[in-house]
Structure formats: structure tokens, C-alpha cells
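Novice: One structure, as C-alpha cells, below. Some questions next.
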Amino acid sequence: MISVFVVFHKLFRALRTGFADPTFRGTVQLALVLILAGTLSYAGVEHWTLFHSLYFSVTTLTTVGYGDFTPQTEVGRAFTIVYVLIGLGVVLSLVTQIAGHATRRTTT
């Protein structure tokens with residue numbers, strides 16, 4: 001149980017130190033813009049609620065993809081293709097940056 005707290009402590013420390021890095025802040029902002037764009041697009045095209053659209057956007061970009069929601073329109077499916085191709089790189093970059101900050105040793 002203690003190891004869970006250690007992992008979360010490292011994660012939060014990595015996020016805190018990451019925000020000092022302009023590249024990290026930009027990647028976080030880009031990821032948030034992509035999630036917002038996906039949420040609004042799915043809500044408009046597929047007529048899902050904002051919460052369902054947000055849920056689908058996050059599970060799609062993180063490649064979890066439970067399959068409980070799928071786009072039913074051609075426009076929604078085409079958007080998903082582009083959304084995954086663009087968003088996956090951004091999310092991967094963000095995760096890589098978080099891992100880099102988590103493993104970086106502090107010098108004091």
C-alpha cells in the first residue's frame with residue numbers, strides 16, 4: 001500500500017516540476033485543446049451528451065477504447081480517424097514528458 005503512495009508522490013512531483021518547463025506546459029495545453037475539440041465535435045456530430053463525448057475522447061486518445069461507444073455517422077468516423085492520428089502523438093508526447101520528469105533526479 002505504501003508503494004501506491006510513493007508512485008503518486010512521484011507523479012505529482014513530476015507534474016509540479018513539469019509545469020516549469022514551457023514545452024511541457026505547451027503539450028498539456030495542446031492535449032486539453034484536443035480533448036475539448038473532440039468533446040465538442042462528438043457532441044455535435046453524434047448527438048452525445050458532453051459527458052459521453054468527453055469520455056469517448058479520453059478513452060480514444062489514451063487507446064483504452066472500451067467499445068461501449070462508437071461513432072455511428074460517416075462524419076464521426078472520419079473525424080475519429082484524424083483525431084486518433086493527431087491526438088495519439090500528443091498524448092504519447094505528454095506521457096513521455098511526465099515519465100522524464102518523474103525519473104529526473106533533483107540536485108540539491
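Novice: Can you tell me which of Thr62, Thr73, Thr17 moves the most in a GNM of the chain? Springs connect C-alpha atoms under 10 Å apart.
Specialist: Maximum among the listed residues: Thr73.
Novice: Leaving out ligands, DNA and RNA, what percent of the accessible area of the chain is carbon and sulfur, probe 1.4 Å?
Specialist: 72
Novice: Could you put Ser3, Ser93 in order of accessible surface area, largest first, with the 1.4 Å probe and the full protein assembly present?
Specialist: Sorted by accessible area, descending: Ser3, Ser93.
Novice: Long-range amide H contacts for Gly65: which residues qualify at under 5 Å (H placed 1.01 Å from N, peptide plane, sequence gap of 5 or more or a different chain)?
Specialist: Thr60
Novice: Can I ask one more? Compare the Cα positions of Ile35, Val6, Val95 along the charge dipole of the chain (+1 at Cβ of Lys, Arg; -1 at Cβ of Asp, Glu; about the Cα centre) and return the one farthest towards the positive end.
Specialist: Checked the options; the winner is Val6.
Novice: Once you have a ≥ b ≥ c as the square roots of the Cα gyration tensor eigenvalues for region 3-62, tell me rounded if a/c is under 1.5, and otherwise prolate or oblate according to whether a/b is larger than b/c.
Specialist: It comes out oblate by the Cα gyration axes.
Novice: For the chain, what is the charge dipole size about the Cα centre, in debye to the nearest 20, if Lys and Arg each add +1 at the Cβ and Asp and Glu each add -1 at the Cβ?
Specialist: Taking the Cα centre of the chain as origin, the dipole is about 640 debye.
Novice: Considering only protein heavy atoms, what per residue accessible area in square angstrom results for the chain with a 1.4 angstrom probe? List each step's numbers first, then the result.
Specialist: Details: 7350 Å² over 108 residues.
Ligands and nucleic acids excluded, the result is 68 Å² per residue.
Novice: At 30 angstrom or more along the helix axis (alpha-carbon based) and mean Kyte-Doolittle of -1.0 or higher, what helices does the chain contain? Whole DSSP H runs only.
Specialist: Those that clear 30 Å and a mean of -1.0 are 22-46, 74-103.
Novice: As an exercise, use a Förster radius of 25 Å and the Cβ-Cβ distance of Phe12 and Thr96 to find the FRET efficiency, rounded to the nearest 0.05.
Specialist: Given R0 = 25 Å and the Cβ-Cβ separation, E is 0.90.
The values are calculated or read from the model by the stated rules, or taken from the named source; none is laboratory data. The shown structure was predicted, so the numbers you read here are calculated from the model rather than taken from an experiment. Quick reminder, even Gly has a Cβ in these numbers, built from the backbone with ideal geometry, and neighbours come from all protein chains shown. In case anyone asks, the SASA skips ligands and DNA or RNA and just uses the protein heavy atoms, side chains included. Shrake-Rupley method; radii C 1.70, N 1.55, O 1.52, S 1.80 Å.
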